[in-house]
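The values are calculated or read from the model by the stated rules, or taken from the named source; none is laboratory data. As the structure is a computational prediction, the values presented were derived from the model and not from experiment. Cβ placement follows ideal geometry from the backbone for every residue including glycine, while neighbour counts extend to all protein chains displayed. For accessibility, only protein heavy atoms count, side chains too; no ligands or nucleic acids. Shrake-Rupley method; radii C 1.70, N 1.55, O 1.52, S 1.80 Å.
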Amino acid sequence: MKSIKTKNAIVHFNDNIYKELNAYIKSSNPSKIFVLVDTNTHDACLPKFLSQVESGDIVVEVMEMPEGEDHKTIDICTGVWEAMSEYYADRKSLIINLGGGVVTDLGGFVASTYMRGIDYINVPTSLLAMVDASVGGKTGVDLGNLKNQIGIISEGSMVLIDTSFLETLPNNHMVSGYAEMLKHGLIQNKSYWNTLVNFENLDGSALDSMIYDSVVIKNSIVSEDPTEKGLRKVLNFGHTLGHAIESYFLGNGDKVPLLHGEAIAIGMLLEAYVSTKTTGLSEEEFKEIEEGILKTFSKVEITENDQKIIINLLQYDKKNSHGKVKFVLLEAIGKPKINCEVDNDIILEAFKYYNS
């Protein structure tokens with residue numbers, strides 16, 4: 001696979017990633033290398049990764065954080081900053097973030113703010129991180145249960161995608177990443193959508209090719225609008241309701257927390273229904289979307305009381321403007337529309353349809 005040039009970095013795939021990494025280390029000569037992992041990637045991915053790194057005389061320090069979205073917090077950032085300071089990290093140090101989206105989001109934010117910014121490299125190890133967090137430079141942490149409220153846009157020096165790390169993932173995490181791939185098809189390319197929904201097994205060389213295609217799609221959008229002033233908003237299809245659902249399930253002790261992709265799958269289905277009522281998505285294409293999503297994702301119980309709280313959480317969505325909730329909806333598969341306002345009655349109607 002060819003490398004992909006983003007605005008300020010390069011995404012490398014599989015065979016050549018360690019060659020590129022070691023060449024970068026040799027040429028940039030960092031004062032120290034810090035590898036950030038979580039408790040999962042520490043055991044499943046770190047040994048293989050370190051065996052490929054040629055650091056020479058440069059000291060490599062490993063920093064470990066707890067795994068999971070509930071640890072994507074400013075308190076964890078403080079712990080990482082303090083650890084780096086304790087080990088005398090300076091402005092010529094390098095952070096390598098080895099993990100899923102929580103690690104790459106948090107690690108990128110830590111690097112971008114430590115001493116006003118040091119170099120970092122992302123090595124995504126989950127499908128979600130490979131197709132979503134790998135491109136675009138969004139870094140940051142959650143504010144309580146509210147997703148990604150604190151952060152900045154800052155690309156690392158490079159992204160290294162080694163799809164062999166996917167062998168360490170449980171199936172539900174593979175499926176979670178698949179949701180973001182489905183989104184790429186829905187907002188950009190109906191042919192890609194059709195390929196995805198007819199794909200039977202989330203493994204093998206065909207998956208590698210589709211990961212590449214997803215990165216290409218996201219990069220093409222981000223390159224035109226790196227700071228999300230317009231076009232880049234299309235990447236939020238399914239995320240307005242999806243993030244609110246994810247936040248609610250994460251913060252409610254009576255609910256089983258949802259993985260990001262599980263919540264986004266619900267959000268895409270709900271927002272596709274809303275699209276039939278507001279932006280002209282045809283019933284035929286809606287049914288196609290519904291069948292494609294439910295082929296992989298099971299429905300989750302969302303009560304009327306849940307719905308009211310979820311709708312209230314929409315006010316914290318980052319796309320909002322002047323007190324108005326702004327949705328990304330579909331006019332057709334592959335044809336999104338940004339900055340859509342939707343009455344709560346239609347959202348409740350979508351929930352009613354979902355529950356039926």
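The mean sequence separation of alpha-carbon pairs under 8 Å and at least six residues apart, normalised by the residue count of the range 62-206, gives a relative contact order of 20 percent.
Under the shape rule built on the C-alpha gyration tensor, where the axes satisfy a ≥ b ≥ c, the range 14-72 is prolate, since a/c reaches at least 1.5 and a/b is greater than b/c. Sparse packing (at most 15 other Cβ atoms within 10 Å of the Cβ) combined with a DSSP loop state is found for the following GluC sites (Glu not before Pro) in the range 314-356: 341.
Shown is the FRET efficiency for residue 50 and residue 149, computed with R0 = 35 Å from the Cβ-Cβ distance and rounded to the nearest 0.05: 0.55. Atom-type composition of the exposed protein surface of the chain places 47 percent of the accessible area on carbon and sulfur (1.4 angstrom probe). In a DSSP loop and with at most 12 other Cβ atoms within 10 Å, the GluC sites (Glu not before Pro) in the range 1-107 are 54. For the chain, complete DSSP H runs whose alpha carbons reach 27 Å or more along their own long axis and whose mean Kyte-Doolittle score is 0.0 or higher are 205-224. Going through [x] 488; [y] 140; [z] 125, the figure that equals volume of the Cα convex hull per residue in Å³ as computed for the structure here is [z]. Residue by residue, the range 119-133 carries 3J(HN,Hα) couplings of 5, 8, 10, 9, 10, x, 10, 10, 4, 4, 5, 5, 8, 10, 6 Hz when phi is fed to the Karplus relation 6.51 cos²θ - 1.76 cosθ + 1.60 (θ = phi - 60°); x denotes Gly or Pro. Here the simple spin-label model places points 7 Å from the Cα toward Cβ, and for residue 335 and residue 88 these points are separated by 6.3 nm. Rounded, prolate or oblate: which fits the range 150-308, taking a ≥ b ≥ c as square roots of the Cα gyration tensor eigenvalues, rounded meaning a/c under 1.5, else prolate when a/b beats b/c? It comes out rounded by the Cα gyration axes.
Here is the link list: 5/319; 5/183; 2/147. Which ones come out longer than 24 Å on Cα distance? Pairs exceeding 24 Å: 5/319; 2/147.
Qualifying trypsin sites (Lys or Arg not before Pro) in the range 182-267, where qualification requires a DSSP coil assignment and no more than 16 other C-beta atoms within 10 Å, comprise 229, 255. Of interest is the spacing of the C-alpha centroids, which for the range 263-318 and the range 223-238 amounts to 20 Å. Probing with 1.4 Å while keeping every protein chain in the model, the per residue accessible area of the chain equals 43 Å².
Label-to-label distance for residue 7 and residue 256 is 3.9 nm, based on points extended 7 Å past Cα in the beta-carbon direction.
The phi torsions of the range 4-16, fed into the Karplus equation with coefficients 6.51, -1.76 and 1.60 and a -60° offset, translate into couplings of 10, 8, 9, 4, 10, 9, 10, 9, 9, 10, 6, 4, 9 Hz, rounded to whole numbers, with Gly and Pro shown as x. Within the listed set 302, 152, 293, the residue fluctuating most in the Gaussian network model of the chain (springs between alpha-carbon atoms under 10 angstrom) is 302.
Once you order the gyration tensor axes a ≥ b ≥ c over the Cα atoms, which shape class does the range 6-161 get: rounded for a/c under 1.5, otherwise prolate or oblate by comparing a/b with b/c?
In terms of gyration-tensor shape, rounded.
Full extension of the chain segment joining residue 295 with residue 78 gains 74.0 nm, where the gain is 0.36 nm per residue of separation less the Cα-Cα distance. Only helical DSSP H runs with n ≥ 4 go in: add -39500 (n - 2.57) per run for the chain, normalise by residue count and round the 222 nm mean residue ellipticity to 500 deg cm²/dmol. Value at 222 nm, helices only: -14500 deg cm²/dmol. In straight-distance terms, cross-link reach from residue 299 covers every one of the aspartates and glutamates whose alpha-carbon lies under 18 Å from its own, apart from those fewer than eight places away in the same chain; here that gives 180, 246, 254, 262, 271, 288, 290, 291, 349.
Amide hydrogen proximity for residue 337: with H placed 1.01 Å from N in the peptide plane, the residues at 5 or more positions away or on another chain lying under 5 Å are 329, 330, 331. When exposed loop sites are taken as chymotrypsin sites (Phe, Trp or Tyr not before Pro) in a DSSP loop with at most 16 other Cβ atoms within 10 Å, the longest stretch of the chain clear of them is 200-356. Pairs over the 31 Å Cα-Cα cut-off, from the set 19/337; 190/229; 26/233; 218/277: 19/337; 26/233.
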